[in-house]
Amino acid sequence: MKPKSYVGRFAPSPSGPLHYGSLVAATASYLQAKHNNGKWLLRIEDIDPPREVPGAADDILKTLEHFQFEWDETPLYQSTRHKQYRTHLNSLLHDDKAYACSCSRKDLINDVQKSPLGKRYPGTCANRKLDTTNYTDFNLRLRVKNKIVSFCDRTYGELQHNLQKEIGDIILYRKFNLPSYALAVTVDDAYQEITEVVRGYDLLAFTPIQIYLCQLLNFPTPNFLHVPIIVNKQEQKLSKQTGAAAITMQYRCRTLLIVLKDLGQTISKQLEVDILNNNDLTELWRWAIEHWHADSIPKTNHIYMS
Ligand code: GLU
């Protein structure tokens, strides 16, 4: 059988302009797709209205364009996909793989255990069989099993997690119709036929859930490659909340050279001098696509912004 051709993606949330940390994730996914002669798709993850900044999606696209990223299809906006998320949620509810939960945050203050995703829900509502006809009144949770999910991340190697013991019944849909990242990312990676997910280390903890959801929804499971996140001096992930600066359009070659080095790529002094002297971004991309080495990505969780 002919191997499936590579399809990669970059999926920014429009919570602010593109910052250096997102540029690193974008570059890694782009080079991995283009080096493998694949397609590279964009998805705007705009399903969390309170965290969105008006104009941020356009601003991110403009910055990517200015950096000469070339995407192969029209970007997909998650805000246009609510119907599909609900369809898949309904099938999980129908198969008793998801349930309604009436616990408020206050109810959970005392007995919530830690998980890599923040807090592990103790399962209070798992067997209450709340009526889901009017499910906008409740959070809807995935019913996870006492099951180990194993996978091999291209950067961090073999990993395994017990869904029930370590992660718990995560929220798939929040009250008032807000799909969660876990559900939307799984549905959309399948819809866009993504063969390998390249994203930041902070999302590695979601991977067992994404794999489990793929199994429940009969989707093919993509491969995964996580890259270290970029942190500031206080070891906080660069983000709008931690005051990360927007990428400036000036010094694009210099910025991209730093990104490549942070991603562990070896660039000769001579090449660097030539690129900078000629300010030749096209040549830098050509070189980077040809010489991309995913195995050289540092296997650390984070990298300090230089
Ligand atoms: N939207 C997420 C973010 O901006 C990335 C999601 C993903 O790549 O799976 O951090």
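Working note: 222 nm ellipticity from helices only, DSSP H runs with n ≥ 4, each -39,500 (n - 2.57), summed and divided by the residues of the chain, gives -9500 deg cm²/dmol to the nearest 500. In order along the range 165-181, the Karplus-derived 3J(HN,Hα) couplings, from 6.51 cos²θ - 1.76 cosθ + 1.60 at θ = phi - 60°, round to 6, 9, 10, x, 7, 6, 6, 9, 9, 8, 2, 6, 6, 9, x, 8, 3 Hz, and Gly and Pro are given as x.
Send over the Kirkwood Rh of the range 179-231, from the inverse of the averaged 1/r over different Cα pairs, rounded to one decimal Å. Mind showing how you got there, number by number?
On the way: mean 1/r = 0.0888 Å⁻¹.
Roughly 11.3 Å, rounded to one decimal.
Largest first, the three principal axis extents of the alpha carbons in the range 77-152 are 37, 36, 26 Å in whole numbers. Within the straight-line cut-off of under 17 Å between alpha carbons, the aspartates and glutamates reachable from residue 34 are 65, 70, 72, 73, 193, 196, 283, 290, 295, sequence neighbours fewer than 8 places apart in one chain being disregarded. Remark: the range 108-255 carries a charge dipole of roughly 400 debye about the Cα centre, counting +1 on each Lys and Arg Cβ and -1 on each Asp and Glu Cβ.
Projected onto planes of every orientation and averaged, the convex hull of the alpha-carbon atoms in the range 129-169 covers 4.3 nm².
Rg/Rh, computed from the Cα trace of the range 56-109 with Rh as the Kirkwood radius, has the value 1.24. Note on the range 11-74: Cα-Cα pairs beyond 20 Å make up 24% of the total pair count.
For the range 142-209, what Kirkwood radius comes out of the mean inverse Cα-Cα distance, in Å? Working shown, then result.
Values: mean 1/r = 0.0756 Å⁻¹.
Answer for the range 142-209: a Kirkwood hydrodynamic radius of 13.2 Å.
Placing +1 on the Cβ of every Lys and Arg and -1 on the Cβ of every Asp and Glu, with nothing else charged, gives the chain a dipole about its Cα centre of roughly 940 debye.
Placing a label point 7 Å from the Cα of residue 113 along the Cα-to-Cβ direction, the residues of the range 125-161 whose backbone N falls under 15 Å of that point are 144-148, 161. For residue 193 and residue 152, a Förster radius of 22 Å and the Cβ-Cβ distance give a FRET efficiency of 0.60, rounded to the nearest 0.05.
Please work out how many pairs of lysine residues in the range 76-128 are eight or more positions apart (or on different chains) and have Cα atoms closer than 24 angstrom.
Numbers: 83/97; 97/114; 97/119; 106/114; 106/119.
Eligible lysine pairs with Cα atoms under 24 Å apart amount to 5.
Residues 161, 94, sorted by accessible area with the largest first, give 94, 161 [1.4 Å probe; ligands and nucleic acids excluded].
Most simply put, the range 170-242 has about 40% antiparallel DSSP beta bridges, counting only bridges with both residues inside it. Extension gain, residue 251 to residue 53: 0.36 nm times the residue separation minus the Cα-Cα distance gives 68.7 nm. Extension gain for the segment residue 162 to residue 80, taken as residue separation times 0.36 nm less the Cα-Cα distance, is 26.2 nm to one decimal. When only alpha carbons are used to place a centre, the range 162-207 and the range 61-75 end up 25 Å from one another. Size descriptors for the chain (Cα atoms only): Rg and Dmax, in that order, 20.3, 67 Å.
As I understand it, the value is the acute angle between the Cα axis of helix 281-291 and the longest principal axis of the Cα atoms of the chain; what does it come to in degrees, rounded to 10? Result, in degrees: 70.
Here the Debye sum runs over all C-alpha atoms of the range 104-143 as equal scatterers in vacuum, and log10 of I(q)/I(0) at q = 0.17 Å⁻¹ comes out as -0.53. Using a simple spin-label model with pseudo-atoms 7 Å out from Cα toward Cβ, residue 102 and residue 66 lie 5.2 nm apart. In the range 26-116, the C-alpha radius of gyration followed by the widest Cα-Cα span (Dmax) gives 18.8, 51 angstrom. For the range 152-306, taking Cα atoms only, Rg and Dmax work out to 18.6, 57 Å respectively. For residue 39, the lysines whose Cα falls under 23 Å of its own Cα, not counting residues fewer than eight places away in the same chain, are 2, 4, 62. For the range 233-306, the equivalent ellipsoid built from the Cα gyration tensor has semi-axes of 24, 17, 10 Å, listed from largest to smallest. Positive contributions from Lys and Arg (+1) and negative ones from Asp and Glu (-1), summed over other residues with Cβ under 13 Å from the Cβ of residue 193, come out at -1.
Electrostatic tally near residue 94: other residues with Cβ closer than 13 Å to its Cβ, Lys and Arg +1, Asp and Glu -1, net +1.
Put +1 on the Cβ of each Lys and Arg and -1 on the Cβ of each Asp and Glu in the range 195-306; which of 271, 212, 223 then has its Cα farthest toward the positive end of the dipole? Positive-most Cα among the choices belongs to 212. DSSP beta bridges confined to the chain are antiparallel in about 55 percent of cases.
Which number gives the lysine pairs in the range 210-306 that have C-alpha atoms under 21 Å apart and are eight or more places apart or on different chains? Please list the in-between numbers first.
Numbers: 233/261; 233/299; 237/261; 237/299; 261/269; 261/299.
Lysine pairs, 8 or more places apart or on different chains, close enough: 6.
Taking 0.36 nm per residue of separation and subtracting the current Cα-Cα distance, fully stretching the chain between residue 90 and residue 242 would add 51.1 nm.
Computed over neighbours whose Cβ is under 14 Å from that of residue 117, the net charge equals +2, Lys and Arg +1, Asp and Glu -1. Counting every pair of alpha carbons in the range 95-240, the share spaced more than 19 Å apart comes to 56 percent.
Please tell me the relative contact order of the chain in percent, rounded to the nearest whole number, where contacts are Cα pairs under 8 Å and at least six residues apart. If you can, show how the numbers build up before the last one.
Working: 496 pairs, mean separation 65.1, N = 306.
Over the chain, the number comes to 21 percent.
The values are calculated or read from the model by the stated rules, or taken from the named source; none is laboratory data. This structure is a prediction, so every number in the text was calculated from the model and none was measured. Neighbour counts are summed over all protein chains in view; Cβ atoms, including those assigned to glycine, are modelled from backbone coordinates with ideal geometry. Surface accessibility is based on the protein's heavy atoms, side chains included, excluding ligands, DNA and RNA. Shrake-Rupley method; radii C 1.70, N 1.55, O 1.52, S 1.80 Å.
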